[in-house]
Amino acid sequence: MKLHVAAAASLLLAMAATAGAVTFNATNAASNTTGGHRFDQAVGLAYANQVLSSASIFIWITFNQTNPADRKPVDAVTLVVADVDGAAFTVDDAITLSAQYVGNYSGDVKTEVTGVLYHETTHVWQWDGQGQANGGLIEGIADYVRLKAGYAPGHWVKPGQGDRWDQGYDVTARFLDYCDSLKPGFVALLNAKMKGGYTDDFFAQILGKNVQQLWQEYKAKYA
Ligand SMILES: [Zn+2]
C-alpha cells in the first residue's frame, strides 16, 4: 500500500465500519485432536475471527473495492477447524483449516495460520473469471495478498524464480507483484476484469504487453 499513514488509518476505520455488514464466525470442530488443541492454545477462535475481519478489509483495499457494491455479495465468512488432510481449503464463503496441519506445523504456528487465513479469505472475495481463469492464477492472487500483508513464509521462491507465470502460489504471486510494480493497482484491475470472464489478454489490456512477454522480461530482470 502506498497510502499516506494517516489517510490509510482513517480509511481503515471507515472500512472497519462497513465490515460490520459482514459477519465472521470461527469454530473448532477438532478441539479433541492434538492439532485442534494446539489451535485453541496457540491461535484461538477470538484471534481467528479478528484475522478473518482484518484480512477481508485488507483484501478490499488491495482489490480497490472500497465501495461494497464492487465486492462479491458475501454476508458471512466462516472458518471451521476440522480433522481433515491438507492445509486448508475454501468453498464459497466457508474456509476449512486442517487441524492436522496445525498439529504437524513446526515453527510459529500462529503466524503461519494467519498467513493461511489471508490466502483462504482471498478465495472468498476474489472473482474467478466465471470459472474460466486457470487455477494457477487464482492461487497466485491469493498468495499475492498473503505476500502484501507481510505473511510470506521464508520457504517461498525468491523474485524471478519459477518456470511459468501461471505455475501458481508463490511463483505467480511474485510475478503479479512485478506486474503491480509496473502499474500500481494492476492486481485490483485484473481482479475486477475477472468478474465477467477470463482471458490472458487482460494482461495486455492493462499493461500493454502480453503475459508471455511480461514473464520473459520478469525473468530477465532477475537473471
Ligand atoms: Zn488457495
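The values are calculated or read from the model by the stated rules, or taken from the named source; none is laboratory data. The shown structure was predicted, so the numbers you read here are calculated from the model rather than taken from an experiment. Glycine gets a Cβ as well: all are built from the backbone with ideal geometry, and neighbour counts include every protein chain shown.
For the range 94-107, the candidate set comprises residues that are crowded, with 17+ Cβ neighbours inside 10 Å and within 16 Å of the ligand (Cβ to nearest atom); within that set, the residue that is farthest from Phe39 (Cα to Cα) is Ile95.
The residues of the range 139-170 that are within 14 Å of the ligand (Cβ to nearest atom), crowded, with 21+ Cβ neighbours inside 10 Å and within 13 Å of Trp215 (Cβ to Cβ) amount to a single one, Gly140.
For the range 79-86, check the following and say yes or no: at least one residue is under 27 Å from Leu189 (Cβ atoms) and among the charged types (D, E, K, R).
No, the range 79-86 contains no residue that is under 27 Å from Leu189 (Cβ atoms) and among the charged types (D, E, K, R).
On the basis of being outside any strand (DSSP E or B), at pLDDT 60 or above and over 28 Å from Arg71 (Cβ atoms), does Gln50 make the cut? The answer is no for Gln50. When Gly86 is tested against (1) among the small types (Gly, Ala, Ser); (2) in a loop (DSSP other than H, G, I, E, B); (3) under 16 Å from Trp127 (Cα atoms), only condition (3) is not met. Scanning the range 113-133 turns up no residue that is polar (S, T, N, Q), under 20 Å from Gly168 (Cα atoms), part of a strand (DSSP E or B) and within 16 Å of the ligand (Cβ to nearest atom).
Can you confirm whether Val81 is β-branched (Val, Ile, Thr) and surrounded by 14 or more Cβ atoms within 10 Å (Cβ to Cβ)? Yes.
Cβ-Cβ distances below 8 Å connect the following pairs, each with a first residue in the range 175-204 that is within 22 Å of Arg164 (Cα to Cα) and polar (S, T, N, Q), a second residue that is surrounded by fewer than 21 Cβ atoms within 10 Å (Cβ to Cβ) and modelled with pLDDT of 95 or more, and a separation of six or more residues or different chains: Asn191/Trp127; Thr199/Gln132.
One residue is enough: does the range 96-108 have a residue meeting the conditions in a strand (DSSP E or B) and not small (Gly, Ala, Ser)? Yes, there is a match, as at least one residue in the range 96-108 is in a strand (DSSP E or B) and not small (Gly, Ala, Ser). Which one of these is in contact with a Lys or Arg (Cβ under 9 Å, 6 or more places away or on another chain) and on the phi > 0 side of the Ramachandran plot: Gly103, Gly107, Gly129, Gly115? The unique qualifying residue is Gly129. Before we move on, is Asp143 closer than 20 Å to Tyr198 by Cβ, among the charged types (D, E, K, R), assigned to a helix (DSSP H, G or I) and touching a Gly at 6+ places or on another chain (Cβ under 9 Å)? Yes: the conditions hold for Asp143. Contact annotation: no residue pair with Cβ atoms under 7 Å, 6 or more positions apart or on different chains, pairs a residue in the range 114-128 that is closer than 8 Å to Ala55 by Cβ with a partner that is away from the ligand (no atom under 11 Å from the Cβ) and of a type in the set (Lys, Arg).
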